[in-house]
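This report concerns only the one structure given below.
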Amino acid sequence: MKLGQTISLALRTLIRNPLRSFLMMLGVAIGIASLTAMASIGEATQQETIRQFKRMVGTYDLVSIVPGAASTRGMPSLTTVEPSLKFDDATAIAEEADGVLQVAEVQNAFDIDVKYRDKTTVSAVYGVSANWLEMREYFLETGDVITQDDIASLARIAVIGQDIVTGLFPDEDPMGKQIRIGNVPFAVKGILVSRGAGPGGGSLDGVLFIPVTTASKRLFQRDYLTTITAQLSDPGRPGPSIESITTILRERHGIVPPGEDDFTISDSRASAEQVEEVSSTLATILTGVAIIAMIIGGTVIMSLMLIAVSERRREIGVRRAVGATRTDVMLQFLIEAATVSVVGGLLGITLGIGGATITAMQQELPPVLLWDTIGFAVCVSVGIGLIFGLQPAWKAANIDPIDALQS
Amino acid sequence: MIAVENLEKTYRRGDGTPVMALKNVSFTIGEGEFVTVRGASGSGKSSLLNILGCLDTPTSGVYRLAGEDVSNYTDEQRSHLRCRRIGFVFQSFNLLSRTTALENVEVPALYSGERIEEGKAAALLERVGLAERGGHFVTELSGGEQQRVAIARALMNDPPLLLADEPTGNLDSEAGHSIMELLGELSNEGRTIILVTHDEAVAEFAQRELIIRDGLIASDTLRTAKPPASEKTGS
Ligand SMILES: Nc1ncnc2c1ncn2[C@@H]1O[C@H](COP(=O)(O)OP(=O)(O)OP(=O)(O)O)[C@@H](O)[C@H]1O
Ligand SMILES: [Mg+2]
C-alpha cells in the first residue's frame, strides 16, 4: 500500500468519524497549544529579563573594578568598603590600560536620607564622573546631566531618579529645588527617565547622582572610590584588558603575587550568563509542563484509537481477507493516528500562538513568534501520533482475520 | 487448480480440549469448476474454506494452489496470495460501512501494489448490475445489492479463484437466486468457484457437489450434464 493512498484513506476515515476525530485532535491540540504558548511566553520572559538585566548592570562592554578581594567583597558601602581604590588608580587605568575606551569613577552609598522641606526619603547616592550617565545609558526626562565643569567645581547639584521625585515632590516641579543629602544642600539639575523594575521586581529608580568630586570632598569626606568602571573597546575579548588593569593596579598598590589583590574585577557578562541560565531553567520547566500536557493528549489518542480498533475489527478482517498484510494494517492505523495528531497539532499551534500573543499583550512582554517552536510542535504532533498510535496499530495488525470476519 | 491431501484441522477450545474440524480430507478441483460444499452445521465447511482461502493453515496435510505447496506459507505470503489469486464472498457481505459502493470495490486494489486501473471498479459494478449505485453508501443498498458489491470487490484484482461462504444465507430466495445466477455467469467465464452452503437449491447451480460430514468428505458428485472444465477425484 502506498503512503499517499494510506494518508488519503486516513483522511477519509477521519472525516467520516467526525466526533471521534475531533476528540482525538482536541487532546493533541491542548498539549501543543500549551507547548507553543509556554515556549513563546518563556522566550519572551527570558528576552525581557535579559533586557532588564542589561538596564541594571549596563551594557556588556563594561567591566567594574571594586575594592577588596573577591572573597571578602560584599555590597559596597561607606562603612564596610576597603579604601584601596583611589582617583589616581582610575586615571592610571584610563591612560595606561590596554583596550580601555574610558573610565568612570563612582563613590556611592546606600540608604542615605534625602530631604526636601519636611519630606524625607531614603536613596542610594552615587557620586559619579561626568561620563557615567551616558555609559550606563541613563536618559534625562528634563534638565541637564553632570558636566565636566560640575566635577571641576565640586558643584552641589544632583540628577534624581523617579522615586525621589515621587517621594519628595508629589505635587511640585523638582527642577532647581534645593534638597538636602545627608544635610548637605544640593540643587536638582536633572530628572531621569524611569527604568522600571529590575529582574527581581525592585525599582531601579531609587537613585540619585551627584558629581564624584562633590561626593568625595563635600558629602562623604572619603578619598577613595567604591567602583571604577572601564568601557572596553573589544567587549568580545575582555581578557587582555582585564589583565592589563590587574597589572596596573597591582603595581600601583605594591601587590606581588601570591599576595592577595585588594580589588576585584568583574565582567558583567558572567552575571548576564547567570541570568540567561535562570531564564532557560524557567523555559525548561515550562516545556516540561507542556510535555506532560502532550502525554495526556497522546493518551487520549491511544484510548480512542484502541476503541476504534475494536469497533473496526470487521473492517480489519475484510482488509486482511482481500490481501492486506499485517504491515499494511499497522501502517494504516499508525498513519491515521499521525494524521489526526498533526491536524490537532496545527490547531494547537494556532491556539497557542493566539494565547501567547494575548498574554504578551497583558504582561507587556515583547511578542515573539518562534518558527523553530512551530516546527518542533509539528514534529512533536507527528511523534505523538506515531508513538501513541503504536499500540493500537499493533493490536489492529494482530487481529485474526477469521475471528474478525465472523459475527 | 486446487489439490488437498490428507488435510487435517484441529482447533483447541478455550479449556485446551482439541476439536478435529477436518479429518483427512483429500480432493482436487480443476480450473473453471463450480463446486459447492454442503454439510450440516459444524461439519467443517468454513474450516475447509478458510484453509483453501489461505486465511488459515492446516494442522497437517498438504494444500497445493496452482501447483504451489502453500500449506506452510507465512502470514505475509498468504496475504499476497489472497490479494492476487483469491476473491472472497461472505454470508454477511462484510462491506466497509461509511464507505461508498465504489470505494468498497476498490479496496483490494490498494494492496495489489499496482496502479488502480481507471474505471475498473466502475466497470465491475456495471458487470454486477449496479452501474448507477457506485456513489451510494453501503447502508443505502439492499442485501442483494450489497452482495453484488461484495462480488465486484472479489473480482477487483482478477483472481482466478472465488470462494463464497453461504453467500445467499442472508438473502431472500429471489435475491439469492439472482446472486447464484451471477456466480454461474462468472463460472462460465472460466473462474473457479467454491461455494459453501446449507441449501440444496443453491447447490443445483454448480456442476459438482462435495458433501462434508464430521470433518470428512462424505460424497463427491457431479450434478449436471454440463461437464466440468477439468478432471475430478473422489475421496
Ligand atoms: N476457532 C475455533 N476454535 C475452536 N473450535 C472451532 C473454531 N472454529 C471452528 N471450530 C469448531 O470446528 C468445527 C467445524 O466448524 P466450522 O465453522 O468449520 O463448521 P461449519 O460447517 O462452517 O458450520 P456452520 O454451517 O455452522 O457454519 C465446529 O465444531 C466448530 O465448533
Ligand atoms: Mg460455517
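Taking θ as phi - 60° and the Karplus parameters 6.51, -1.76 and 1.60, the scalar couplings of segment A:212-218 work out to 5, 5, 4, 4, 5, 8, 9 Hz in sequence order, x denoting glycine and proline. Local charge for residue B:213 was computed over the other residues whose Cβ lies under 14 Å away, with Lys and Arg +1 and Asp and Glu -1, and equals 0. When the Cα positions of B:32, B:135, B:113 are compared along the charge dipole of segment B:27-142, B:32 comes out farthest toward the positive end, with charges on each C-beta of Lys, Arg, Asp and Glu.
For the segment A:322-332, counting C-beta atoms of other chains within 10 Å of every residue's C-beta and taking the mean gives 6. Projected onto the charge dipole of the protein assembly as shown (+1 at Lys/Arg Cβ, -1 at Asp/Glu Cβ, origin at the Cα centre), which of A:228, A:87, A:162 gives the Cα projection farthest towards the positive end? Farthest along the dipole direction, towards plus: A:162.
Using the Cβ of residue A:17 as centre and a radius below 11 Å, the other residues enclosed give a net charge of +3, where K and R count +1 and D and E count -1.
Here the alpha carbons of the protein assembly as shown define both size measures, Rg and Dmax, at 44.2, 134 Å.
What is the distance in Å between the Cα centres of segment A:305-372 and segment B:131-167? When both Cα centres are located, 33 Å separates them.
What FRET efficiency, computed as 1/(1 + (r/R0)^6) with R0 = 25 Å and r the Cβ-Cβ distance, is obtained for residue B:8 and residue A:400, rounded to the nearest 0.05? My answer for the efficiency is 0.80. Counting every alpha-carbon pair across segment A:83-261, the share separated by more than 25 Å comes to 38%.
Taken about its Cα centre, segment A:83-261 carries a charge dipole of roughly 580 debye when the Cβ of each Lys and Arg holds +1 and the Cβ of each Asp and Glu holds -1.
With K and R counted +1 and D and E -1, the other residues having a Cβ less than 13 Å from that of residue B:158 yield a net charge of +3.
Highest mean packing comes first when the peptides A:140-153, A:378-391 are listed by Cβ atoms within 10 Å, giving A:378-391, A:140-153. Projecting the Cα atoms of B:21, B:151, B:90 onto the charge dipole of the protein assembly as shown, computed from C-beta unit charges around the Cα centre, puts B:21 farthest toward the positive end.
Calculated accessible area for chain A comes out at 46 Å² per residue, all protein chains present (probe 1.4 Å; ligands, DNA, RNA ignored). Dividing the summed helix terms, -39500 (n - 2.57) for each DSSP H run of n ≥ 4, by the number of residues in chain A produces a 222 nm estimate of -18000 deg cm²/dmol to the nearest 500.
Remark: the protein assembly as shown carries a charge dipole of roughly 1520 debye about the Cα centre, counting +1 on each Lys and Arg Cβ and -1 on each Asp and Glu Cβ.
Taking Cα centre as origin and charging only the Cβ of basic (Lys, Arg, +1) and acidic (Asp, Glu, -1) residues, the dipole magnitude of chain B rounds to 480 debye. Per residue, the convex hull spanned by the alpha carbons of chain B comes to 129 Å³.
Once the trypsin sites (Lys or Arg not before Pro) in DSSP loops with at most 14 neighbouring Cβ atoms within 10 Å are cut out of chain A, the longest remaining piece is A:118-407.
When accessible surface is computed with a 1.4 Å probe, chains B and A are found to bury approximately 2200 Å² between them, both chains counted.
The values are calculated or read from the model by the stated rules, or taken from the named source; none is laboratory data. Quick caveat: nothing in here was measured; it's all calculated off a predicted structure. With ideal geometry, Cβ positions are generated from the backbone for all residues, glycine too; neighbour counts draw on all protein chains shown. In case anyone asks, the SASA skips ligands and DNA or RNA and just uses the protein heavy atoms, side chains included. Shrake-Rupley method; radii C 1.70, N 1.55, O 1.52, S 1.80 Å.
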